[in-house]
Structure formats: structure tokens, C-alpha cells
Amino acid sequence: MDIVSFSKAAKIEREVKQARDSYASLDGRLNAVSVGNVVSVGLKTELPTIGESGRLYLVRQDSSNQNESTTYTYSRGEYVKVGGDRVSNHPENGTINLNGTRTVIYNHPDTHSADMITDGIHNVIMTLDEREKLSNIDRDANHYTHPDTHSADMISDGETHVSMTWSERKRLHVIDPWESISDLVDYTDVVTYFAYDIQGRVIRQVVTDKYTEQLVRGPVLTMPTSSEGYAQNDSFLVISNGEIYRYDGLDFVQLPPLVDVIYQYDGEGRLVAKSIARMGSTPVQTNFQYIYDSFGNRIAVKKY
């Protein structure tokens, strides 16, 4: 038996049992299920003398079945109780075979109110309010044409590309070119060490000669407490004091600096000060102060 037919038959039996004390209500419910295919009577003696093939006959109080509700069909001149092997599947939806006879237990109406439809897993029913709302939406409302130009404020950062703020643009305009930072010394045969902050800005630059072999490693904030992990000729810049050390295989040996440059930035990332200390028989220090207007433009440099 297909699931629809079985569920409809089970529903009829259940409704009979639940409404034994409300016959009129039961008849109304049965008529709503399948008009013309179900006949409901109170007692078995009230059944028609001659029944019709293809109908269901419900006896609500069957004296031959301990006054329980019982379903019958009429076949070959007699009423036959429905149950067990007498019920079998029929290829048509809403139809079963009762005692070998095709019996329609449910006819879906050609039309009915949408109120009896419930939402499914993939499809849902529309309410009157939703239909009204939909009717007020323009036909091409979902059609979108990207404008030729628009504000950058509507652009959000992506995984590989980001948008720039006004503050970042101002900072970009006043960033010194790499050449002005990397080419501070006119000497040859030197090694220049750099240290950076977490924003990637140069904060210290120390120059030493290259006459001693140096395998440059990354800068450290403070002097290492142990030589573990260092190989001979490894060299590094100590950011906190601007000193350069080389490991000679036994201990760390300081290399003489030629130039030590310190860079300072303000809260907006602009370079505001730079000091250059040139070593030698007579050390010389030159200081620079950078001045900006209210728009972030660099308008002056003081050198002293």
C-alpha cells in the first residue's frame, strides 16, 4: 500500500475511535475526507440491505466486534470486515484494494484554499501580506548596474587588496624614499644594519666596515645571554643601544660603528626626528626635525 493510501485509511479508523460519542461530528469529518465513498452508521443493523461495491461502510458500534468501530466493504452479496490481508495496495494514489475491490478512500479536490497547505523543506506558501509586498516591488528591482564612479567609502578590504584612508595617504606622501635612508654613507667596503618597528618603519641604522667577515642575522632588541644557536661569524644589530656584535666562535665581539642613525615617528606615523652620529677621531652628530601643517604636509626641516 502506498503511503498516502495507508495514512488515509489509518486516519479514518482513528477518527472513528476518537469520535464514538459524537456521531454527527464524525459524519461531518468523514464527508470532508471523501464525499460519496464512505457511509457511516451507528449500528450494523443500520447498514443498507444491499451495499455498493467500492464504498467503505463504518459501523461505529459493532455488536459483533465488542461494540468497537469496524470498517466493512460490500462484496459478493455480503458485508466483509476490512483488516489484515484484505487491504492491499492499488497503483492509483488515494486508492486501495479492499477484499479485491478497488476502493477510493480519498479524492483530492480540483481546487481548495491555500490555508490548508503548510511550508515544506524546500518550498513554502506565501501569505497575503507577502503577496502585497511583492506586488509593490518594481519588475526590474533586482537589476543592478554598477556606477562608473562612486565613493571609496563603500569599498571594504579584501584578502589581498585593501582600501586606503585619508590618513594613510597623508603618511604615504611624507614617507622618505628608500634612497634617502639607505645611502647615508659615501664610504665603500661597509655593511649597513637596519632595525624596524612592527609597522615596518626603519627606526635604527648602523654602519660598520666589512673588513671582518660578517654573516648578518636579524636584529635583536637586547644582547643575547647565551651564544647557543650562533655559528662563527654570525653578526647582528642590538636595537636598544645600536651596537653590532660578531660571534668569533668563542664569544661575542663588538664591531666598531661608523654611523648610527635613529628615526622617530609621531602617532600618525610621520617621521618627526632623525639623528645621525658619525664616528671617528672627532664624533659628529647631526639632528633633523620635521615639521608638518594641519593637513599632514611636511612644510619644513630643521637641521642642527
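Checked against the criteria, ARG298 counts as closer than 21 Å to GLY200 by Cα, among the basic types (Lys, Arg) and either modelled with pLDDT under 90 or open to solvent by 70 Å² or more (accessible area, probe 1.4 Å) (or both). Here THR208 meets each of (1) in contact with a Pro (Cβ under 6 Å, 6 or more places away or on another chain); (2) open to solvent by 40 Å² or more (accessible area, probe 1.4 Å) with one exception, condition (2).
Scanning the stretch 255-304 for residues that are over 55 Å from the mean Cα position of the chain (by Cα) and either in a loop (DSSP other than H, G, I, E, B) or polar (S, T, N, Q) (or both) yields PRO256, MET279, GLY280, SER281, THR282, PRO283, GLN285, THR286, TYR304. Is there a residue being modelled with pLDDT of 95 or more, open to solvent by 50 Å² or more (accessible area, probe 1.4 Å) and touching a strand residue (DSSP E or B) at 6+ places or on another chain (Cβ under 8 Å) anywhere in the stretch 271-294? Yes; the residues of the stretch 271-294 include at least one that is modelled with pLDDT of 95 or more, open to solvent by 50 Å² or more (accessible area, probe 1.4 Å) and touching a strand residue (DSSP E or B) at 6+ places or on another chain (Cβ under 8 Å).
In the stretch 118-166, how many are of a type in the set (Lys, Arg) and either closer than 25 Å to GLY269 by Cα or in a helix (DSSP H, G or I) (or both)?
Here the count works out to 2.
The values are calculated or read from the model by the stated rules, or taken from the named source; none is laboratory data. Note that the structure is a prediction, hence the values are computed from the model and not measured. Every residue, glycine among them, receives a Cβ derived from its backbone with ideal geometry; neighbour counts consider all protein chains shown. Only protein heavy atoms, including side chains, enter the accessible area calculation; ligands, DNA and RNA are left aside. Shrake-Rupley method; radii C 1.70, N 1.55, O 1.52, S 1.80 Å.
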